[in-house]
Amino acid sequence: MSTKTLQTKDLQAFLEAAAAQHRLVAPVRDGDRVDFAVVTDASTVVPTTDYVNPRRSLKSMFFPRTEPILDFDRTDEGLQVKTPEIEAPSTLLFGCRPCDASSLAIMDKLYDWDYHDTFWFQRRAATTVVAVSCVRADESCFCTALGGSPCGTEGADLLLTPTGDAYLVEILTEKGQAAIDLAPSLFADGQGDKEAACKDALDALPPALDLDAISEWLKGNFESDLWAHFSWRCLGCGCCTFLCPTCHCFDIVDEGSYRHGQRRKNWDGCQFGLFTLHASGHNPRSDQAARWRQRLEHKFNYYVQKFDRRSCVGCGRCIRHCPVNMNIHAQLTAIGQKAAENPA
């Protein structure tokens, strides 16, 4: 790993150089909110210090909300099946936070588990991730509670840390170096103190949780009365699952006619009442308590058992945008207290 510096005034020139060679995806304003979008004019990119986190995660750039996975035609000669070409343009994704970048490593494990998902990995291979450290955090952020950092490097090819009139640029991968080579004259050799630059964010973030104790409590409390207490406000709207960078559930449906059609993969979510409804009419998660329990058990117990890490990065979107103010960090803190009172 090597470091460079980029003057803040030269950031737009770097993004223009990137847009000339790649599809550029970056945070832009959409009314009163900030969201990731394909950018053709680098001047529309939101300054990196003007937002805590884009409303939506970068997930949809690798795992679209809907996409075809095969086309079929039935003719007199039989059934013809064709796999559509995967849309994976060369992309530079700029301006995500370290929490979002770290989510990619979590999803990589899933998509290379019992099946190597070429849709996911072709887009991953085609994308250079340029993350930007956080210099502030809000009351919904909790990456440090899960072992993350506002200046963490996991999942990023480049990490830019604002230091006033310049960015400290950490080159983390060969793809990161290739991004620098798009406009090498803009970058100078240099060092900087990224922890000092992120101090305000660090000071605002919560302490680490005892994640192992929480996982142990979850293993032994599937039938706990706490689930009804935790979930009583939940509307089952799915906002948390769709905004989360690591929620990955999908449904597969066939669309079209008997002779022509597509098989499509569409986002789905464990908080929806129909998600586990059987054709018989039986639903093993028939109430919201069971569905909310699934969310926490999956992220902090089941995923840990399968992949040895938590399926949550503490980005805070599920807290920040929940219409009824559900707070997963507060619930994890409460579970941690329960675990401390009754250790295994």
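The values are calculated or read from the model by the stated rules, or taken from the named source; none is laboratory data. In this text, all values refer to a predicted model and were calculated from it rather than measured experimentally. All Cβ positions, even for glycine, are placed from backbone atoms using ideal geometry, and neighbour counts span all protein chains on display.
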Selection within the range 201-224 - surrounded by 14 or more Cβ atoms within 10 Å (Cβ to Cβ) and among the acidic types (Asp, Glu): Asp210, Glu216
Going through the range 302-319 one residue at a time, which ones are surrounded by fewer than 19 Cβ atoms within 10 Å (Cβ to Cβ) and assigned to a helix (DSSP H, G or I)? Tyr302, Gln305, Lys306, Phe307
Residue by residue through the range 281-301, note down the ones that are within 15 Å of Asp225 (Cα to Cα) and surrounded by 16 or more Cβ atoms within 10 Å (Cβ to Cβ). Gln288, Ala289, Ala290, Arg291, Trp292, Arg293, Gln294, Leu296, Glu297
Among the candidates Pro64, Pro89, Pro84, single out the residue that is part of a loop (DSSP other than H, G, I, E, B) and either in contact with a Pro (Cβ under 6 Å, 6 or more places away or on another chain) or within 24 Å of Ser133 (Cα to Cα) (or both). Pro84
Kindly evaluate Ala131 against the criterion of being part of a strand (DSSP E or B) and of a type in the set (A, V, I, L, M, F, W, C). yes
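The rows are residues; the columns are (1) in a loop (DSSP other than H, G, I, E, B); (2) modelled with pLDDT under 95; (3) in the same structural domain as Ser311 (by TED's automatic domain parsing).
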| position | (1), (2), (3) |
| --- | --- |
| Glu255 | no, yes, yes |
| Asn266 | no, no, yes |
| Gly269 | yes, no, yes |
| Gly273 | yes, yes, yes |
| Thr276 | yes, yes, yes |
| Ser280 | yes, no, yes |
So, of the residues in the range 70-124 that are among the hydroxyl-bearing types (Ser, Thr, Tyr) and exposed (fewer than 15 other Cβ atoms within 10 Å of the Cβ), which turns out to be farthest from Lys299 (Cα to Cα)? Thr75
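Yes or no, residue by residue, for (1) in contact (Cβ under 8 Å) with a residue 24 or more places away in the chain; (2) within 29 Å of Leu11 (Cβ to Cβ):
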| position | (1), (2) |
| --- | --- |
| Ile69 | yes, no |
| Ser90 | yes, yes |
| Cys99 | yes, yes |
| Asp108 | no, yes |
| Trp113 | yes, no |
| Ala137 | yes, yes |
How about the range 29-49: which of its residues are buried (at least 18 other Cβ atoms within 10 Å of the Cβ), under 20 Å from Ser90 (Cβ atoms) and touching a strand residue (DSSP E or B) at 6+ places or on another chain (Cβ under 6 Å)? Phe36, Val39, Val45
